[in-house]
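J.: Supplied in structure tokens, the structure appears directly below.
The values are calculated or read from the model by the stated rules, or taken from the named source; none is laboratory data. Everything numeric in this text was worked out from a predicted model, so none of it was measured. No Cβ is skipped: glycine too gets one built from the backbone with ideal geometry, and neighbour counts run over all protein chains shown.
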Amino acid sequence: MSAPAHITASASWRSDFPALHQKVHGRPLVYLDSAASAQQPASVIDAIARYEREDHANVHRGVHTLSHRATEAYEGSRDRIRDFINARSRSEVVLTSGTTESINLVAQSFCRPRLQAGDKIVITHLEHHANIVPWQLVCEQTGAELVVAPINDRGEVELEQMLELIDDRTFLIAVAHVANALGTVCPISRIVEHAGARGIPVLVDGAQGVPHLEVDVQALGCDFYAFSGHKMFGPTGTGVLWGREELLDAMPPWQGGGDMILEVSFDKTTYNELPYKFEAGTPNIAGVVGLGAAIEYLQAIGMQNIADYEHDLHTYMVSELKKVDGIRLFGEARDQASVQSFLLADIHSHDLGTILDHQGVAIRTGHHCAMPVMQRFGISGTARASLAFYNNRDDVDRLTAALGKASEIFA
Amino acid sequence: MSAPAHITASASWRSDFPALHQKVHGRPLVYLDSAASAQQPASVIDAIARYEREDHANVHRGVHTLSHRATEAYEGSRDRIRDFINARSRSEVVLTSGTTESINLVAQSFCRPRLQAGDKIVITHLEHHANIVPWQLVCEQTGAELVVAPINDRGEVELEQMLELIDDRTFLIAVAHVANALGTVCPISRIVEHAGARGIPVLVDGAQGVPHLEVDVQALGCDFYAFSGHKMFGPTGTGVLWGREELLDAMPPWQGGGDMILEVSFDKTTYNELPYKFEAGTPNIAGVVGLGAAIEYLQAIGMQNIADYEHDLHTYMVSELKKVDGIRLFGEARDQASVQSFLLADIHSHDLGTILDHQGVAIRTGHHCAMPVMQRFGISGTARASLAFYNNRDDVDRLTAALGKASEIFA
Amino acid sequence: MSESQTDMQDLYRELILDHSRNPRHFGRLSDATHTADGINPLCGDKLKLYLRVDDRGRIESSSFEGSGCAISVASASLMTVTVTGIGIDQAESYFEEVTQRLTSDRTEVSSDSSYDKLQALDGVRAYPARVKCATLAWHALHSALENKTTPATTE
Amino acid sequence: MSESQTDMQDLYRELILDHSRNPRHFGRLSDATHTADGINPLCGDKLKLYLRVDDRGRIESSSFEGSGCAISVASASLMTVTVTGIGIDQAESYFEEVTQRLTSDRTEVSSDSSYDKLQALDGVRAYPARVKCATLAWHALHSALENKTTPATTE
Ligand SMILES: Cc1ncc(COP(=O)(O)O)c(C=O)c1O
Ligand SMILES: Cc1ncc(COP(=O)(O)O)c(C=O)c1O
């Protein structure tokens, strides 16, 4: 890809995002915090407002026109999600409030009823708290054990050691597709291959996978895949749990309420079929409509184009960061998404964050909800710049210039 | 209140709701389905869009300007909710995805760890599935028993009989503030008084209470109060669990993830303080911003004005419905909110719904997620017209006229 | 007569109203070989379908019980009339025909003349929220013939 | 010098940078009578505060350990300097003073001259996201004096 092509493409993508066109502390905003939450294209914001102004009613429960339109819009988004991740059927697409709820659902509904004391859940040292704490809770509830696969200094999973940890007491393996603090792309297919041969299900935390990679759950071969709308340019309060139909079918419901039942009486309650069994109560209808619009937007660009563009931009960012005096990079995996953690001299990440913000550059600082990663590297936090397809080389240059200012102040 | 005053007030309120100003099947929409999901004023829709265009970032975790603005907006809504229901402190205001999640949270986090086989949870025959199924699930998990207080033919809770069911094995009482299928306002203070004297906590399902009544949780004297944003003119995917601080404090977290922890390590995880302990993961930030705007809107009108206006309109609706040949009303409680179930001759509610929709009149039909109520009356469903402050007498007249058409078709 | 009322009468045709008021084959079949439950969670329509299939795969008799809206009852009634006396393969192809006809925009009329009566259901196509009512009994038929044990729904 | 850099130097005043680089009273107090943990979940600032209070309620000595940003370390260092040698009542009123001063728009300067040094923290007011860093040590002080067992946070 030649430089001018990038610039053209990215400029047109960037113009679709209203939030990017503002000044912060008098400087044009450089938003490098998409891994925490991405901005939304106008088409998403407008789809939601249009839905609320014209079509809103409760779903699944009404014969009147608005209710029917709302249901079509909501279920239409489910179809789009199915297509986007290539799920076998729409029954496998459970709508949740986010990755966190998706993972908790699996912990409580898939694991808790069947986990025995002494069983193991295997995760990695790279995980976000959302892929740690739900397992800690269910282990506490059942006497199972949480086993953690180590990572190396580049921030890569030590695959051989991980595979050795997997034995016949392993009940489930839960691993990030892309690690949020370090950007590492994990070797899902190797893990799935090993686990599959032993009949051990694999959950993939795809919160950072879906925004950066083309995801095909059937090709990945995993059993559960969890992700959030707000990391993929859709609204907060939306998320997905994809699961294999056989597994979802065999799970008891998680929450009780409307929509997840076929029949309720005080003697006997019959649960609804998939995916509704796991969708108790009025869902985030407007949010899901927005998520559908976000996917439509992403599909128009093409996830492979996004991945290529970001790879190139990330390479540029790394090379520019390396020129900054006193920089230390964290996360130098051979396969890494466009997320980069770093520290500058002995400046605390939090101070860096404030100084950069003052230059209009928004980065995330701290532990990134991945404290064990910080413990692994013996630090309390990092500064993290995460790139989306709406960022460009100019953003990277503004970042490195702002780091220069930080060095001056703390000189 | 004199009739012209109503008309003037309601007309101006009505004009704030974009969705009401459209035609359905060629007729101006008459929206009588607010109990399923209410429409939103333009101020809510615009607040969300403005948030997404200008302020969006993840909350609680960032030092940069947008993250700070997003956090202020999100936490500002919490303060508004605290004020709206008169909670003692913001620590007591847990943000959820809706009433359903709020109730499931209490069932799983308050009840499940402590319920013993033989303990009882007392509910009423009026409840929505969201206030039945979570208790059925936790009873199944623990061997506790679900006990149901009867209702009379008017749809009122048989209070004396209910109080007799409460004994020293009663662990919790869960009751609707306002019943969704029949509109009954339940005698919360009588129940709370009786339960309080015995140290039994009371959860109030306020999904239909908050849109119609002035709610003061301290004056009500209950222990938990659950409600949804979308029933109170705010967005779907938002809700609240209010709980007494002492109770919430003593409960283990429900879901694990980011934001609900202070520190995570593989040895020991320390949970965050209230209310964050119960808010795992990225919340529905935009939705909560919208909920704050909805409360601002409601407070400007005043809940007491709303209750008065609706009471008057409901009285009118009941008297007009009673003039319709072959009408049967369900729910004639002495204290009833502006929700009315009915059937016409032997026309199935579903057919009524379609015929009315064709006249531009949107009502809900079926079991309203309250199958036990239907079983109690020996019917499979009702037609339900629910009024909000944006409805007026003209809407009621359109309803009765449309019922006339239905009689013609099924003559 | 208003325009909207005309439309309505395309949905509630005479034949539909007749079958909904006087459903044929209503009741229990004590010697059924196949049964299935159908539930439409949206509106609470519920039915139980009974079939007696003989050795050669012919549906000797059929009946249904349950409660539902005019459309679902009429559709169930019309269905039992249609499938009684035919082979299960042909019944399955009716299932295909009816569900496709009602859920797609296909308007061509089946060449099969025994489909005539079922055309009374065509008015439902203009009411997408009601299509599930019309197809419920047919889904139950399909379940019964496939010997499924979970209730058929129209989701 | 750009405008924004000037502002920044109001936050990162010389005194702040000095105390953050060379924190006073840093380390463990083996004979502490009061301790408290402080955590700022936002950025991961963590400190442990030690106080030795004598019989008459005077803070004989104080120290802190932990890691944090320049603001939180400087604030903790300034705090220990301020409270060493004063009575716990006066320490509590400093807590009130500092937290109010940083979280409200109040700008009048305290008449108390020993507050002078603490004015170095005033630059934080323009950075609402950082106020919690500056108040963390003070919340820990308050907890320690109240003998609370859960970690102080700035939420
Ligand atoms: C009385 C009552 N309780 C609970 C609920 C469930 O609310 P939600 O679907 O918003 O979770 C509803 C609304 O459907 C209701 O009316
Ligand atoms: C890898 C990873 N997993 C899980 C999560 C949790 O996602 P959410 O907060 O949207 O539930 C995040 C984002 O914070 C993440 O980056």
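J.: Quick one: in segment A:334-363, of everything that is among the charged types (D, E, K, R) and more than 16 Å from ligand 2 (Cβ to nearest atom), which residue is farthest from the other protein chains (Cβ to nearest Cβ)?
T.: We begin by selecting, within segment A:334-363, every residue among the charged types (D, E, K, R); these are A:334-335, A:346, A:351, A:357.
With the extra rule that they be more than 16 Å from ligand 2 (Cβ to nearest atom), the set shrinks to A:334, A:346, A:351, A:357.
Values: A:Arg334: 26, A:Asp346: 9, A:Asp351: 5, A:Asp357: 4 Å.
The residue in question is A:Arg334.
J.: Can you tell me which residues in segment A:122-146 are among the β-branched types (Val, Ile, Thr), away from ligand 2 (no atom under 16 Å from the Cβ) and within 11 Å of chain B (Cβ to nearest Cβ)?
T.: So in segment A:122-146, the residues among the β-branched types (Val, Ile, Thr) come out as A:122-124, A:132-133, A:138, A:142.
Add one more test, that the residue is away from ligand 2 (no atom under 16 Å from the Cβ), and what stays is A:122, A:138, A:142.
A:Val138, the sole residue that qualifies.
J.: Sticking with this one: Just to be sure before I move on: is B:Gln208 crowded, with 20+ Cβ neighbours inside 10 Å, assigned to a loop (DSSP other than H, G, I, E, B) and away from ligand 1 (no atom under 16 Å from the Cβ) in the structure I sent?
T.: On the way: crowded, with 20+ Cβ neighbours inside 10 Å: yes; assigned to a loop (DSSP other than H, G, I, E, B): yes; away from ligand 1 (no atom under 16 Å from the Cβ): no.
Considered against the rule, which asks whether it is crowded, with 20+ Cβ neighbours inside 10 Å, assigned to a loop (DSSP other than H, G, I, E, B) and away from ligand 1 (no atom under 16 Å from the Cβ), B:Gln208 comes out as no.
J.: Does A:Ala57 satisfy being within 16 Å of ligand 2 (Cβ to nearest atom) and either among the small types (Gly, Ala, Ser) or surrounded by fewer than 21 Cβ atoms within 10 Å (Cβ to Cβ) (or both)?
T.: On the way: within 16 Å of ligand 2 (Cβ to nearest atom): no; either among the small types (Gly, Ala, Ser) or surrounded by fewer than 21 Cβ atoms within 10 Å (Cβ to Cβ) (or both): yes.
The answer is no for A:Ala57.
J.: Now, a different point. Among (1) closer than 27 Å to A:Gln375 by Cα; (2) more than 21 Å from the chain's Cα centre (by Cα), which single condition is B:Glu279 missing?
T.: So the condition that B:Glu279 fails would be (2).
J.: Now a separate question. From (1) assigned by TED's automatic domain parsing to the domain that holds A:Asp259; (2) away from ligand 1 (no atom under 16 Å from the Cβ); (3) touching a strand residue (DSSP E or B) at 6+ places or on another chain (Cβ under 7 Å), pick out the condition that doesn't hold for A:Leu291.
T.: Every condition holds for A:Leu291 apart from (3).
J.: Filter segment B:6-38 down to residues that are without any contact (Cβ under 8 Å) to a residue 60 or more places away in the chain and of a type outside the set (Ser, Thr, Tyr), then give me how many there are.
T.: Initial filter on segment B:6-38 (without any contact (Cβ under 8 Å) to a residue 60 or more places away in the chain): B:8, B:12, B:15, B:18-19, B:21-22.
Filter again for of a type outside the set (Ser, Thr, Tyr), leaving B:18-19, B:21-22.
Result for segment B:6-38: 4.
J.: Could you list, in sequence order, all residues of segment A:364-390 that are facing chain B (nearest Cβ under 7 Å) and either surrounded by fewer than 24 Cβ atoms within 10 Å (Cβ to Cβ) or on the phi < 0 side of the Ramachandran plot (or both)?
T.: Within segment A:364-390, A:Arg364, A:Thr365, A:Met371, A:Pro372, A:Gln375 qualify.
J.: Could I ask something else about it? I need a count of the residues in segment A:338-359 that are in contact with a Gly (Cβ under 7 Å, 6 or more places away or on another chain) and in a helix (DSSP H, G or I).
T.: Residues meeting the conditions: 2.
J.: Another question, if that's okay. Given A:Arg190, A:Arg244, which one is within 25 Å of A:Pro113 (Cβ to Cβ) and basic (Lys, Arg)?
T.: Values: A:Arg190 fails: within 25 Å of A:Pro113 (Cβ to Cβ).
Exactly one residue qualifies, and that residue is A:Arg244.
J.: Name the residue, out of A:Ala47, A:Ala36, A:Ala19, that is more than 8 Å from chain B (Cβ to nearest Cβ), modelled with pLDDT of 95 or more and within 28 Å of the chain's Cα centre (by Cα).
T.: Working: A:Ala36 fails: more than 8 Å from chain B (Cβ to nearest Cβ); A:Ala19 fails: more than 8 Å from chain B (Cβ to nearest Cβ).
Step by step, each of A:Ala47, A:Ala36, A:Ala19 is checked, and only A:Ala47 is more than 8 Å from chain B (Cβ to nearest Cβ), modelled with pLDDT of 95 or more and within 28 Å of the chain's Cα centre (by Cα).
J.: Is at least one residue of segment B:237-260 crowded, with 22+ Cβ neighbours inside 10 Å, part of a strand (DSSP E or B) and within 16 Å of ligand 2 (Cβ to nearest atom)?
T.: no
J.: Let me ask something additional. Given the structure, is A:Gly221 buried (at least 20 other Cβ atoms within 10 Å of the Cβ), at positive phi and small (Gly, Ala, Ser)? Full working, then the answer.
T.: Numbers: buried (at least 20 other Cβ atoms within 10 Å of the Cβ): no; at positive phi: yes; small (Gly, Ala, Ser): yes.
No.
J.: Confirm whether B:Ala149 is under 30 Å from B:Gly76 (Cα atoms), more than 16 Å from ligand 2 (Cβ to nearest atom), within 12 Å of another protein chain (Cβ to nearest Cβ) and in contact (Cβ under 8 Å) with a residue 24 or more places away in the chain. Let's see the steps before the verdict.
T.: Working: under 30 Å from B:Gly76 (Cα atoms): no; more than 16 Å from ligand 2 (Cβ to nearest atom): yes; within 12 Å of another protein chain (Cβ to nearest Cβ): yes; in contact (Cβ under 8 Å) with a residue 24 or more places away in the chain: yes.
Criteria not met by B:Ala149.
J.: Scan segment A:180-190 residue by residue and report those that are over 9 Å from the mean Cα position of the chain (by Cα) and part of a loop (DSSP other than H, G, I, E, B).
T.: Just the residues of segment A:180-190 that are over 9 Å from the mean Cα position of the chain (by Cα), to begin with: A:181-190.
Selection gives A:Ala181, A:Leu182, A:Gly183, A:Cys186, A:Pro187.
J.: Additional query: Among the numbered criteria (1) of a type outside the set (Val, Ile, Thr); (2) in contact with a Gly (Cβ under 6 Å, 6 or more places away or on another chain); (3) free of Cβ contacts under 8 Å to residues at least 12 places away in the same chain, which one does A:Glu140 miss?
T.: Checking A:Glu140 against (1) of a type outside the set (Val, Ile, Thr); (2) in contact with a Gly (Cβ under 6 Å, 6 or more places away or on another chain); (3) free of Cβ contacts under 8 Å to residues at least 12 places away in the same chain, the one that fails is (2).
J.: Would you mind finding the one in C:Arg52, C:Arg13 that is under 23 Å from C:Lys117 (Cβ atoms), of a type in the set (D, E, K, R) and in contact with a helix residue (DSSP H, G or I) (Cβ under 8 Å, 6 or more places away or on another chain)? Before you say what the answer is, go through the steps one by one.
T.: Working: C:Arg52 fails: in contact with a helix residue (DSSP H, G or I) (Cβ under 8 Å, 6 or more places away or on another chain).
Of C:Arg52, C:Arg13, the one residue that is under 23 Å from C:Lys117 (Cβ atoms), of a type in the set (D, E, K, R) and in contact with a helix residue (DSSP H, G or I) (Cβ under 8 Å, 6 or more places away or on another chain) is C:Arg13.
J.: Next question. Look through segment A:220-236, keep the residues that are assigned to a helix (DSSP H, G or I) and within 30 Å of A:Phe17 (Cα to Cα), and return whichever of them is farthest from the other protein chains (Cβ to nearest Cβ). So that I can check it myself, show each step before the final result.
T.: Just the residues of segment A:220-236 that are assigned to a helix (DSSP H, G or I), to begin with: A:220, A:229-232.
Subset that is within 30 Å of A:Phe17 (Cα to Cα): A:229-232.
On the way: A:Gly229: 10, A:His230: 6, A:Lys231: 8, A:Met232: 12 Å.
Filtering segment A:220-236 for residues that are assigned to a helix (DSSP H, G or I) and within 30 Å of A:Phe17 (Cα to Cα), the one farthest from the other protein chains (Cβ to nearest Cβ) comes out as A:Met232.
J.: Can you name the residue in segment A:254-274 that is touching a residue at least 60 places away in the same chain (Cβ under 8 Å) and more than 28 Å from A:Asp216 (Cβ to Cβ) and, of all such residues, is nearest to ligand 1 (Cβ to nearest atom)?
T.: A:Gly258
J.: Out of A:Ile173, A:Ile103, which single residue is more than 14 Å from chain B (Cβ to nearest Cβ), surrounded by 24 or more Cβ atoms within 10 Å (Cβ to Cβ), touching a residue at least 24 places away in the same chain (Cβ under 8 Å) and within 16 Å of ligand 2 (Cβ to nearest atom)? Reasoning before the result, please.
T.: Working: A:Ile103 fails: more than 14 Å from chain B (Cβ to nearest Cβ).
So the residue among A:Ile173, A:Ile103 that is more than 14 Å from chain B (Cβ to nearest Cβ), surrounded by 24 or more Cβ atoms within 10 Å (Cβ to Cβ), touching a residue at least 24 places away in the same chain (Cβ under 8 Å) and within 16 Å of ligand 2 (Cβ to nearest atom) is A:Ile173.
J.: In the set D:Arg52, D:Arg58, which member is surrounded by 15 or more Cβ atoms within 10 Å (Cβ to Cβ), at pLDDT 95 or above, away from every other protein chain (no Cβ under 14 Å) and farther than 30 Å from B:Glu263 by Cα?
T.: Numbers: D:Arg52 fails: farther than 30 Å from B:Glu263 by Cα.
The match here is D:Arg58.
J.: Do the conditions hold for A:Tyr276, that is, is it of a type in the set (Ser, Thr, Tyr) and within 24 Å of B:Ile103 (Cα to Cα)? Reasoning before the result, please.
T.: Values: of a type in the set (Ser, Thr, Tyr): yes; within 24 Å of B:Ile103 (Cα to Cα): yes.
Taking the combined requirement at face value, the residue satisfies it.
J.: So, one more: Determine which member of the set B:Leu159, B:Leu163, B:Leu182 is away from chain A (no Cβ under 14 Å) and more than 23 Å from B:Val215 (Cα to Cα).
T.: B:Leu163
J.: Mind checking whether some residue in segment A:241-251 is more than 13 Å from chain B (Cβ to nearest Cβ) and without any contact (Cβ under 8 Å) to a residue 24 or more places away in the chain?
T.: yes
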